[in-house]
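Here the structure comes first, spelled out in structure tokens, and everything after it is commentary.
None of the figures in this text is laboratory data; all of them are computed from the coordinates on show. Please read these numbers as outputs of a predicted model, since none were measured by experiment. Neighbour counts run over all protein chains shown; Cβ positions are idealised from the backbone, glycine included.
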Amino acid sequence: MPEHAPSLAHHQHQFETAEQQKETSTLGMWAFLVQEVMFFGGLFGAYTIYRALYPEAFAEASLAGQPLRAAETQSSSPIAWLFDMLAHELCERAGVRPITATPTRSFLR
């Protein structure tokens, strides 16, 4: 065993040997990684399939400024104010009517 490797001389009570503890933790990590790949692979696969089947719906849903709407819920925050201004600017440039009018926007008119 290399000198820099941690010593496994002791093991937890549920394991018979330190080697079994190490193998179990390695197997657990691989099981977790496989599960994550399967979950997110399915998630991104479904997204890709639906995006290919319904391109019009995705185009309509991706109007300028809409991804920034979540920041508007915190109208007292300076960051939310900045996102609000950016969203309205993007909507104006794209020729799209903004979905909502926020209190932060009314101060500048």
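Can you figure out the FRET efficiency of M38 with F58, using R₀ = 35 Å and their beta-carbon distance, to the nearest 0.05?
The value I calculate is 0.90.
Report the calculated FRET efficiency for R51 and M29 (r = Cβ-Cβ distance, R0 = 35 Å), to the nearest 0.05.
0.60
Given all pairs of different Cα atoms, what value in angstroms does the Kirkwood hydrodynamic radius of the stretch 18-59 take?
12.5
Please give the length that would be gained between V96 and Q12 if that part of the chain were fully extended, namely 0.36 nm times their separation in residues minus their C-alpha to C-alpha distance (nm, one decimal).
Result for the pair: 24.0 nm of gain on full extension.
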